[in-house]
Amino acid sequence: MNEALAEGKARSYPFKYIQIDSEPVQKDLLDLKEIDQIADLDLNEESFLAEVRRWFLFSYYTGGMRFSDVATLQWKHIRLGPSGHTRVYWKMQKTSDNVGVPLSDDAQQILRLLNSGSGRVFGREHHLFGGEGTPVPVRVVLWRMWSREAGSPFLVLATWKADPGEATELYRRC
């Protein structure tokens, strides 16, 4: 709609006086034990679930880096800070704020599993590959991750695409 207004294809915003009521959402947070259970799951490191786990844990270990920022993170954003510690520097997709945070040992371990170089750290430009090497569509993938070690099932909602609006979220299933 904004584009149509900017191009003169519409004279006014037709939804100006419409309000949508919504109820606040209660987010269910994972505790440290559950984070450790996810980290300790015995997964094939080449699997789709291991990739989802790396994204999630890297976000967690960097203090809650938004998944849209993880998705667009490039190797050039990871460098030594003034104190000599490895840090990640990026411009937040949502707010355009510049941020820099130190990388914990756990976050650095995830990075060591990936091939460093140029381009995106977690980037797979067009698809991920699921079980048996079949391409998984780039848009939205719903996956249930069960593990006896984890003690409870988790529902993973992953949006994988090459655009900056990428996101991956892990919710505990109710």
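Where a number appears in this text, it was derived from the coordinates with a stated rule and is not lab data. Only a predicted model underlies this, so the values are computations on that prediction, with no experimental measurement involved. Cβ coordinates were reconstructed from backbone atoms using ideal geometry, including for glycine residues, and neighbour counts include every protein chain displayed.
Quick look at the numbers
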item	result
Cleavage-rule hits, trypsin sites (Lys or Arg not before Pro), segment 11-52, DSSP coil, Cβ neighbours within 10 Å at most 13	Arg11, Lys16, Lys27
Residues of type lysines that Lys91 reaches as a straight line, Cα spacing below 17 Å, ignoring anything fewer than 8 places off in the same chain	Lys76
